[in-house]
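All remarks here apply to the structure that follows.
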Amino acid sequence: MQYVIGNWKMHCTVPEAVALAGRIEDGLEDIAKDQPLPTVVLCPPFTALSAVSDVIQHRSISLGAQDVHWADHGPHTGEISPTQLKDLVQYVIIGHSERRESGETNEIVARKLKAVVTAGLIPILCVGEKELTSKAASEVATELKESLAEIEPKTVPDLLIAYEPVWAIGTGDVAESGHIAEVATHLKKTAAKIGISDGQVLYGGSVDRDNVERVVDISELDGLLVGGSSLSDQSFVSIVSAVSRHG
Ligand code: PEP
């Protein structure tokens, strides 16, 4: 696996975020003495991006934002544009289920994706079925296709697809390995058919330090998106360590 991404959601004041990032950085430096690290991306809230970017010295930590607006600038009170993020982050999460819950459609996600790619940032596109059914793979493939509707796929150099079953997020229920592998394979095939030959698929949904060993064994995956467990440096560093050991 190549990626471990931490989504801090609406947690941490600025001093708390700086302290957490510092502790994670220390932990990663310890791991790096013995093992090569995956790419680690931290996604703090907007309010802490600048301060966290100042404390991250480690070459293997990159920064991501949790959302973005599609417009470059304009009368959009409270929103942040890709251009405004460009100096701070390399990655942007788009279409997280918690945003979709507040009305974000595939059409909006597609506009955001286009804006992010145009700005030269790397999108982390979240897709995931709401309920566990036998149609999950085709449901998420439709989400993927509709989310890519605004762009010419061949122009997307990097795309991280985060497969996050909604029912697994924050519930303690990690999807079965076979289910994750099946959906990841279907997403890669769908991306390839559209013209994205190197779509990377990450899994997200209740990954923690106790279940990570099972998830890292899923060879169809290229990384993990971690929510709750990214808020504890010890848990998050243990997850990175498991990924790193697994290679
Ligand atoms: C997420 O919200 O992206 C996520 C994966 O959360 P958790 O790890 O807490 O399930």
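The values are calculated or read from the model by the stated rules, or taken from the named source; none is laboratory data. In this text the structure is predicted, and so the values were computed from the model without any measurement. Positions of Cβ are backbone-derived with ideal geometry, glycine not excepted, and every protein chain shown enters the neighbour counts.
Quick notes
- The set of residues in region 193-222 that are of a type in the set (Gly, Ala, Ser) and within 12 Å of the ligand (Cβ to nearest atom) comprises 204, 205, 206.
- Long-range neighbours under 7 Å by Cβ, at least six apart or interchain, first residue within 26 Å of residue 40 (Cβ to Cβ) and assigned to a loop (DSSP other than H, G, I, E, B) within region 101-122, second among the hydrophobic types (A, V, I, L, M, F, W, C) and at pLDDT 95 or above: 121/85; 121/89; 121/92
- Contacts under 6 angstrom Cβ, first residue in region 199-220 being surrounded by fewer than 17 Cβ atoms within 10 Å (Cβ to Cβ), partner assigned to a loop (DSSP other than H, G, I, E, B), 6 or more apart: 211/174
- Unique match (being part of a helix (DSSP H, G or I), away from the ligand (no atom under 12 Å from the Cβ) and either modelled with pLDDT of 95 or more or surrounded by 20 or more Cβ atoms within 10 Å (Cβ to Cβ) (or both)) among 98, 182: 182
- Restricting region 198-241 to residues that are over 16 Å from the mean Cα position of the chain (by Cα) and charged (D, E, K, R) leaves a set whose member that is farthest from residue 38 (Cα to Cα) is 210.
- Among the numbered conditions (1) assigned to a loop (DSSP other than H, G, I, E, B); (2) within 18 Å of the chain's Cα centre (by Cα); (3) within 26 Å of residue 100 (Cα to Cα), the only one that residue 37 does not meet is (3).
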